[in-house]
Every structure is written in C-alpha cells, then in structure tokens.
Amino acid sequence: MTRTTTRPLRQPGVDVHLRPVRLGDWPRIHEWARRPDVTQYQAWGPNRAVETREYVVAAIEAAHQVPQVRHVLSVVQSDRVVGLVELTVVDVEAGIAEVGYAVHPDVWGRGIATEAARHAVRFAFDELGMRVVTATCDTTNVASARVLEKLGMHLEQTIPHDVWVGRRWRDTHVFSVRAEEQRNALSATPCATAGRVA
Ligand SMILES: CC(C)(COP(=O)(O)OP(=O)(O)OC[C@H]1O[C@@H](n2cnc3c(N)ncnc32)[C@H](O)[C@@H]1OP(=O)(O)O)[C@@H](O)C(=O)NCCC(=O)NCCS
C-alpha cells in the first residue's frame with residue numbers, strides 16, 4: 001500500500017516535476033517558509049532557518065519509514081525548487097490521504113500549485129491506492145481554494161475557529177475528491193507519467 005517515488009512525476013503544460021525532498025533543498029524552501037505572507041494561513045511559521053532545516057530532515061526520515069505515511073515532494077522547474085507538496089496518508093484502511101502545498105512567491109500565478117497538486121493526487125490514487133484525497137485551507141486563502149477547485153475537489157464543510165494561525169483563529173474549508181471523480185476529470189486532460197513505485 002505504501003510506496004516511495006523513485007523517479008520524478010512529470011507533467012506537460014506547466015513544466016514542473018515532483019521528486020522526494022532532499023536535504024540540499026532546505027535553503028531554497030526557507031526562502032518562502034520564513035515569509036509572513038506565505039505562512040499567514042498556517043499554524044506554523046514564519047520559520048527560523050533551523051526550523052525549516054528540521055522540517056526537511058524529518059521529511060527525509062519519514063520517506064524511509066515503512067509503511068511510509070508522509071510523502072514530501074519538491075516541485076522542480078528548470079532544475080530549481082519552486083515549491084513543495086506534502087501528501088499524508090491519514091487512514092490506510094479507509095484509503096484517505098491529505099494533500100498540502102506551497103509555492104515560492106516569485107512564481108505564484110503560473111499554475112505551478114495546480115499542476116503539482118494534481119500529480120500528487122494522481123500519485124495518491126494510482127500508486128498509493130487511496131480512495132479519497134482531502135485538503136484544507138483557510139477560508140480567506142482564495143488562491144489555495146481556487147487551486148483545489150481547479151483540481152476538481154468539492155467543498156465538503158467549513159469548520160469555524162478551527163486553527164490558531166498566530167494572531168487569529170482560522171476558519172477552515174475542507175475539500176475532497178474521490179478516485180473515480182478524479183479519473184473522470186483527468187481523462188479530459190493530457191496524461192502525465194506516474195512515478196514508478198518500489
Ligand atoms: C496557494 C498557492 C500554493 C497557490 O500557488 P500558485 O502556483 O500561485 O497557484 P496556481 O497558479 O496554480 O493557481 C492559483 C489560482 O488562484 C487564483 N488567485 C490567486 N490569487 C487570487 C486572489 N487574490 N483572488 C482570486 N483568485 C486568486 C489565480 O488566479 C489562479 O486561478 P486561475 O488559474 O483560475 O486564474 C500559493 O499562493 C502559496 O504558496 N501560498 C502560500 C502557502 C499556502 O497558502 N499554501 C496552501 C495551504 S492550504
């Protein structure tokens with residue numbers, strides 16, 4: 001059930017691919033993890049350098065766990081890390097995983113989060129055998145909500161006063177998509193190469 005990506009997940013259109021995060025990625029990741037405009041919707045951050053490095057170290061350790069629950073994938077464009085996608089198996093028996101993502105502010109608005117998350121969702125369904133992928137976002141995070149809508153996700157519920165994000169309580173949208181829904185949506189889009197599984 002739980003597998004590791006061993007080669008990049010590639011997608012046409014937006015020229016990015018996903019690969020497991022590496023230790024050397026952390027300074028680049030820290031370029032956005034330290035920014036209040038990036039972390040304003042999250043319970044974490046803005047990070048200190050040591051916190052970002054520890055996050056990456058923990059993500060790499062998680063990739064070696066059996067079964068693997070956390071899949072932290074760097075989003076790479078032209079050999080440069082431009083974002084991060086995290087896929088977490090939250091219920092193996094029920095086949096439920098959660099996806100999250102962040103993109104470097106230098107390249108916001110170019111479809112990178114949408115393509116990266118689309119292929120993480122495909123990986124969850126096709127390679128990990130998940131049945132449902134969920135995602136959450138602050139109700140005021142319109143860019144993230146738009147990404148989830150473009151993925152074909154449905155708004156399932158809104159949880160008021162859900163997460164403390166520094167100076168306020170966040171209301172949280174919960175989105176989800178089932179495997180059969182995603183397959184129908186993807187059948188209308190160019191096919192990507194799924195990652196081989198070990
Ligand atoms: C949310 C985030 C990942 C989006 O990344 P991205 O690569 O810019 O996303 P995309 O380009 O794929 O899509 C963004 C969509 O939101 C729309 N959008 C962005 N800002 C918007 C705004 N203020 N109002 C309305 N729509 C907005 C864009 O127009 C685009 O939709 P479109 O393709 O229909 O035009 C990025 O802003 C980010 O990293 N934010 C900080 C971390 C974060 O919030 N992560 C999500 C946690 S739930």
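Key figures for this structure:
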quantity: Options His173, His161; residue that is in contact with a Cys (Cβ under 8 Å, 6 or more places away or on another chain) and either more than 9 Å from the ligand (Cβ to nearest atom) or in a strand (DSSP E or B) (or both); calculated: His173
quantity: Helices (runs of 4 or more DSSP H) fully within the stretch 20-131 counting 2 or more residues that are crowded, with 20+ Cβ neighbours inside 10 Å and at negative phi; calculated: 26-33, 49-63, 112-126
quantity: The one condition in (1) touching a residue at least 60 places away in the same chain (Cβ under 8 Å); (2) under 23 Å from Glu31 (Cβ atoms); (3) of a type in the set (D, E, K, R) that Arg80 fails to fulfil; calculated: (1)
quantity: Residue within the stretch 108-117 that is more than 14 Å from the chain's Cα centre (by Cα), more than 9 Å from the ligand (Cβ to nearest atom) and touching a residue at least 12 places away in the same chain (Cβ under 8 Å) present; calculated: no
quantity: Some residue of the stretch 138-145 being buried (at least 16 other Cβ atoms within 10 Å of the Cβ), in contact with a Gly (Cβ under 8 Å, 6 or more places away or on another chain) and modelled with pLDDT of 95 or more; calculated: no
quantity: Selection from the stretch 139-152 of residues that are more than 7 Å from the ligand (Cβ to nearest atom) and over 14 Å from the mean Cα position of the chain (by Cα); calculated: Thr139, Thr140, Glu149, Gly152
quantity: Residue selected from the stretch 118-136 under the condition in contact with a Lys or Arg (Cβ under 9 Å, 6 or more places away or on another chain) and closer than 24 Å to Asp162 by Cα, by the criterion farthest from the ligand (Cβ to nearest atom); calculated: Val132
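The values are calculated or read from the model by the stated rules, or taken from the named source; none is laboratory data. These figures come from a predicted structure and were not determined experimentally. Positions of Cβ are generated from backbone atoms using ideal geometry, with glycine treated the same way; all protein chains shown enter the neighbour counts.
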